[in-house]
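Participant: Okay, handing you the structure first.
Please treat every number below as a calculation from the coordinates, not as lab data. The structure presented is a predicted model; accordingly, all values stated were derived computationally and were not measured. When we count neighbours, we look across all protein chains shown, and the Cβ atoms used for this are built from the backbone with ideal geometry, even at glycine.
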Amino acid sequence: MFEHRRQPLLDRKAFVKRQWRYVLVAASFVGISLVMGTVGYVAFAGQSVVDAFLNASMILAGMGPVVNYRTPAPKCSPRSTRFTAG
């Protein structure tokens, strides 16, 4: 995957291509997690898409949900999203 320490370094074009590939993979993980969290909040908590997106974004950023829930059903979405957030 990477060069061995005895091999020469990649040229600039190949290095940039490899870095962009890693950026795209990381962005897709974040995007999929954000969509999963938004869908979860819409399905379990009955929130609007904008509020669900806000809550999913806050969970992924490590800040916590914006709204406190009284029933246990809406609490399932942030718990499942936290697995992908780390």
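Participant: How far is it, in nm, from the label point at Arg6 to the one at Gln19 when both lie 7 Å from their Cα along the line to the Cβ?
Facilitator: Going by the 7 Å Cα→Cβ label model, 2.8 nm.
Participant: Per residue Cα convex hull volume for region 8-69, in cubic angstrom?
Facilitator: So the per-residue hull volume is 89 Å³.
Participant: If packing is taken as the average count of other Cβ atoms within 10 Å, what order do 10-22, 50-62, 27-39 fall into, highest mean first? Provide the component values of the computation, followed by the final result.
Facilitator: Values: 10-22: 10.3, 50-62: 17.1, 27-39: 14.8.
Answer by packing, highest mean first, reads 50-62, 27-39, 10-22.
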